[in-house]
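Written out below as structure tokens is the structure these notes cover.
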Amino acid sequence: MPRWLWWTPLAVLTLLAGLLLFRQGWIAAHMTETDVIDHFAARYVAEHGGQKSDCVAVPGRSAQVWIEVHCGDVAIYPVDRAGRLIFLPEGPDA
């Protein structure tokens, strides 16, 4: 069996990993505040009813929160820079 055939699986896995990492970087680099607000406003409408216009966004109050999306009086969605919903500890120890 030729030597190059032994290295083919490693080359394919390396190429696949590189493409997936490039894709994640592309998504993170091109995510805007509007995209995040629209996504969580749609989530609010699906979970609680109401309208998308009930939602506003403010800058995060802690280092790990990029944006807080406030929807009506019932939902606050803290979002990190990658666009993920994060849950912060609450209470006096936080």
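Between 0 and 90 degrees, the angle of helix 3-29 with respect to the longest Cα principal axis of the chain falls at about 20 degrees. The angle between the Cα long axis of helix 33-48 and the main principal axis of the chain comes to about 60°, on a 0 to 90 degree scale. Here is the list for segment 6-94: trypsin sites (Lys or Arg not before Pro) lying in DSSP coil, each with at most 13 other C-beta atoms within 10 angstrom of its C-beta, are R61, R81, R84. Debye-formula intensities of the chain, expressed as log10 I(q)/I(0) at q = 0.21, 0.24 Å⁻¹, are -1.02, -1.16 (one equal scatterer per alpha-carbon, no solvent). Remark: the chain carries a charge dipole of roughly 640 debye about the Cα centre, counting +1 on each Lys and Arg Cβ and -1 on each Asp and Glu Cβ. Relative to one another, the C-alpha centroids of segment 33-53 and segment 1-19 are positioned 43 Å apart.
Any read-out appearing in this document is the output of simple, stated calculations on the displayed coordinates, not a laboratory observation. Values in this document were obtained by computation on a predicted structure and should not be read as measured data. We place every Cβ from the backbone using ideal geometry, glycine too, and count neighbours over all the protein chains shown.
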